[in-house]
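Structure first, commentary second.
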Amino acid sequence: MSWGTELWDQFDNLEKHTQWGIDILEKYIKFVKERTEIELSYAKQLRNLSKKYQPKKNSKEEEEYRYTACKAFLSTLNEMNDYAGQHEIISENMTSQITVELARYVQELKQERKSHFHEGRKAQQHIETCWKQLESSKRRFERDCKEADRAQQYFEKMDADINVTKADVEKARQQAQLRHQMAEDSKADYSSILQKFNHEQHEYYHTHIPNIFQKIQEMEERRIGRIGESVKTYAELDRQVIPIIGKCLDGIVKAAESIDPKNDSQLVIEAYKSGFEPPGDIEFEDFTQPMKRTVSDNSLSNSRGDGKSELKFGGKSKGKLWPFIKKNKGATPEDFSNLPEQRRKKLQQKVDELNKDIQKEMDQRDAITKMKDVYLKNPQMGDPASLDHKLAEVGQNIEKLRLEAQKFEAWLAEVEGRLPARSDQARRQSGMYDLQNPPAVNNCAQDRESPDGSYTEEQSQEGEVKVLTTDFDDEFDDEEPLPAIGTCKALYTFEGQNEGTISVVEGETLYVIEEDKGDGWTRIRRNEDEEGYVPTSYVEVYLDKNAKDS
C-alpha cells in the first residue's frame, strides 16, 4: 500500500489532505491549551475558595478551630489547596509536554511538507516541459511532411507541363528534395524527443512521484502517530496526579473521621462553664407569725425605707437566679468577674492582646525615631520637628496601654493567687455580683453579705437567719435611710451591671453611707432612691462623721 502507486494522479488532493492534517494537529494543540487554562482557572478558584474560608489570625474565629469539627473543616481546606496544586501540575505538564512540543513539531512538519510538494511541483514542471518539447517536435515533423508532399506534387506537375522550362522543372525538383530532407530531419528529431519523453515520463510516474508521495505518506503517518502519542500523554498526565488527589481525598476522609462530638461537647463546657451551681428551692415563708417566723436560705424581703421588693439570697444556693433577672443582658464586666471559671483565661488573653498592642506602638515609635534621626542628618529630606507630635502621641498610647495592661495583670495576679480555693471574698473583689441585696444590715464584718447576697462556706445557718430576720424586721420599722458618713469622687467610670450595684461616672461626687469593710466594696448614695455598691478602688473617699444626708 503506497500512495506513490495508488495515488499517482492525486497530487492536488494529497496537498489538500496534508494541509487538513496540519489543521487537525493545530486544532488539537488549541484544545490542550484551553484545557490547561481551565485547569489553572479551576486551581485558582479552589485556592481562593480555600483562602476565603481560612480562619483569620488573631480573631475569635481562630478560637473556634479548637473544636474537632472545625479542625476537620480546616484540614479539608488545606487538602483542597493541595488538590488545587495538582491541577496546576496538570496544566504545567500539558503545556510543556504537549502544546510546546507539538507547536515545535508543527513548524517542522510545515517545512517538510513544503519541501516535498516543492519537489513534486518541480518534477511536474519538468515532465510538462518534456511534453511540450515532444508536442512541438511532433507538430514540426507533421508540418515538414506536409510541405514535402506539397513540394513533390508541385514538381510532378511542373515536370508534366510541356510549356514549363527545364530550369523551372529543375528548381521544383530541388525544392521537393529539400522538403523531403527537412521532413526526414524532423522525423529523426521527433523520434529522439519521443524516446526521451517516454523515458522521462516513466521515471516521473514510476520513480520520482512514488518517492515523493512515499515521503509525504511517511510524513502523514508520523503526524498521525504523533497525535496518538500526545493523546496518550494527555491521559497519562491526568492519571499521574490521581494518586496524590486520592491522598488529598483520603486526608479529607481522615479529617472527617477525627471529628469527636464528645470532645467538642467538653470544649463547650470548658469555654462557657460559669462555675456556679443552680439556685436551690425557695422555702415557704409564713407571714401569719411575723414575730416568730424563721427565714429560709432564700427569702423575699423589702429594701429598707423605699418600700420596693428585692430578692435576697443566702445559704448554699448563693442567690444564683441571675440567668433570669440579670440586667444589661449581653454586657460583660471589664475584669470578666462574671465568669469565675473562665476569668483567668480571659484575663490572660486580654493581657496578651495589650502586650501585642504595646509592642506595635513601640515598633512604630522606633520607626519614627529612626526617621527623625535621618531628618536630623539630612534636613533636605524633612523637618525633624514635624515628627515630635507623632512621637508624643505614640508615647501617650504606650503609657495608656501600659496602665491598662497593669490593671489586667493585677486582676490576673489576684485570680492566680486564689486559684486553689475560690472564696466569696474573691468573687466580691472581682465584681461577681448578680442580685440587688444591700448588705449593710449586720454590723459584724465576718457575717457580712457580699453584693451578690452570698456568704462564705463557714457561715452558719443560724447566722444567716439572724441577719435576714433582723433585716426583715427593720424593713417593717420604716427606719430613716442610713446617714452619709462622708463623700467620694469617682476615679473611673463604673457600670453597675448587676443587682446591688450602682453606676458612676468618672469625676462624679456622691455620698458614702457605708465604708469598705475589707471586701473591696463601698456603699454610696446618689439620692434617696439611688444607692448601691461600687468597687473601693474606683472611688476616692473623704470621710466626715459629722456629715448629714442631704
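Summary of values
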{"quantity": "Selection status of PHE336, in contact with a Lys or Arg (Cβ under 9 Å, 6 or more places away or on another chain), modelled with pLDDT of 60 or more and open to solvent by 80 Å² or more (accessible area, probe 1.4 Å)", "calculated": "no"}
{"quantity": "Members of the stretch 274-298 found to be within 28 Å of PRO333 (Cα to Cα), at pLDDT 50 or above and polar (S, T, N, Q), listed by number", "calculated": "SER274"}
{"quantity": "Hey, ARG66 basic (Lys, Arg), assigned by the TED database to the domain that holds ILE242 and closer than 27 Å to ALA256 by Cα or not", "calculated": "yes"}
{"quantity": "Residue among ILE244, ILE193, ILE252 that alone is touching a Leu at 6+ places or on another chain (Cβ under 9 Å) and in a helix (DSSP H, G or I)", "calculated": "ILE193"}
{"quantity": "Enumeration of residues in the stretch 393-408 that are over 12 Å from MET362 (Cα atoms) and more than 37 Å from the chain's Cα centre (by Cα)", "calculated": "LEU403, GLN406, LYS407"}
{"quantity": "Tabulated pairs, the stretch 367-390, first in contact (Cβ under 8 Å) with a residue 40 or more places away in the chain, second open to solvent by 90 Å² or more (accessible area, probe 1.4 Å) and part of a helix (DSSP H, G or I), C-beta under 7 angstrom, 6+ apart or interchain", "calculated": "none"}
{"quantity": "Tabulated pairs, the stretch 348-366, first more than 16 Å from LYS390 (Cα to Cα) and among the β-branched types (Val, Ile, Thr), second part of a helix (DSSP H, G or I) and open to solvent by 60 Å² or more (accessible area, probe 1.4 Å), C-beta under 8 angstrom, 6+ apart or interchain", "calculated": "VAL351/GLU409"}
{"quantity": "Residue among ARG223, ARG239 that is of a type outside the set (Gly, Ala, Ser), in contact (Cβ under 8 Å) with a residue 40 or more places away in the chain and either farther than 26 Å from TRP8 by Cα or open to solvent by less than 40 Å² (accessible area, probe 1.4 Å) (or both)", "calculated": "ARG223"}
{"quantity": "Test set (1) at pLDDT below 85; (2) open to solvent by less than 60 Å² (accessible area, probe 1.4 Å); (3) not basic (Lys, Arg) - GLY395 fails condition number", "calculated": "(1)"}
{"quantity": "Hey, LYS187 surrounded by 13 or more Cβ atoms within 10 Å (Cβ to Cβ) and assigned to a helix (DSSP H, G or I) or not", "calculated": "yes"}
{"quantity": "Condition broken by ILE162, with the remaining ones in (1) assigned to a helix (DSSP H, G or I); (2) more than 30 Å from PHE197 (Cβ to Cβ); (3) open to solvent by 50 Å² or more (accessible area, probe 1.4 Å) satisfied", "calculated": "(1)"}
{"quantity": "Some residue of the stretch 527-534 being modelled with pLDDT of 65 or more and of a type in the set (Ser, Thr, Tyr)", "calculated": "yes"}
{"quantity": "The stretch 270-288 residues that are part of a loop (DSSP other than H, G, I, E, B), paired with ones that are among the hydroxyl-bearing types (Ser, Thr, Tyr) (beta carbon under 7 Å, 6 or more apart)", "calculated": "PRO279/SER317; GLY280/SER317; ILE282/SER296; GLU283/SER296; GLU285/SER296; GLU285/SER299"}
{"quantity": "Residues of the stretch 490-510 classified as within 18 Å of ASP544 (Cα to Cα) and open to solvent by 70 Å² or more (accessible area, probe 1.4 Å), total", "calculated": "1"}
{"quantity": "Test: VAL467 is under 30 Å from GLU414 (Cα atoms) and either exposed (fewer than 15 other Cβ atoms within 10 Å of the Cβ) or at pLDDT 85 or above (or both)", "calculated": "no"}
{"quantity": "Criterion: in contact (Cβ under 8 Å) with a residue 24 or more places away in the chain, part of a helix (DSSP H, G or I), surrounded by fewer than 18 Cβ atoms within 10 Å (Cβ to Cβ) and of a type outside the set (Asp, Glu) - qualifying residue of THR207, THR233", "calculated": "THR233"}
{"quantity": "Odd one out for PHE141, checked against (1) in contact (Cβ under 8 Å) with a residue 40 or more places away in the chain; (2) surrounded by fewer than 15 Cβ atoms within 10 Å (Cβ to Cβ)", "calculated": "(2)"}
{"quantity": "Scope the stretch 381-406; condition of a type in the set (S, T, N, Q) and either within 14 Å of THR369 (Cβ to Cβ) or outside any helix (DSSP H, G or I) (or both); matching residues", "calculated": "SER386"}
{"quantity": "Enumeration of residues in the stretch 92-111 that are open to solvent by less than 50 Å² (accessible area, probe 1.4 Å) and either farther than 30 Å from TYR234 by Cα or not polar (S, T, N, Q) (or both)", "calculated": "MET94, ILE98, LEU102, ALA103, TYR105, VAL106, LEU109"}
{"quantity": "Index of the failed condition, LYS327 passing every other in (1) surrounded by 12 or more Cβ atoms within 10 Å (Cβ to Cβ); (2) charged (D, E, K, R); (3) at pLDDT 85 or above", "calculated": "(3)"}
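To keep it simple, each residue is scored yes or no on (1) closer than 30 Å to GLN214 by Cα; (2) in contact (Cβ under 8 Å) with a residue 12 or more places away in the chain; (3) open to solvent by 100 Å² or more (accessible area, probe 1.4 Å); (4) not in a helix (DSSP H, G or I).
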site: TRP8; (1), (2), (3), (4): yes, yes, yes, yes
site: ASN13; (1), (2), (3), (4): yes, no, no, no
site: GLU34; (1), (2), (3), (4): no, no, no, no
site: ILE38; (1), (2), (3), (4): no, no, yes, no
site: SER41; (1), (2), (3), (4): no, no, no, no
site: LYS44; (1), (2), (3), (4): no, yes, yes, no
site: ARG47; (1), (2), (3), (4): no, yes, no, no
site: LYS56; (1), (2), (3), (4): no, no, yes, yes
site: GLU63; (1), (2), (3), (4): no, no, no, no
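The values are calculated or read from the model by the stated rules, or taken from the named source; none is laboratory data. Everything numeric in this text was worked out from a predicted model, so none of it was measured. When we count neighbours, we look across all protein chains shown, and the Cβ atoms used for this are built from the backbone with ideal geometry, even at glycine. The accessibility values were calculated without ligands, DNA or RNA, using every heavy atom of the protein model including side chains. Shrake-Rupley method; radii C 1.70, N 1.55, O 1.52, S 1.80 Å.
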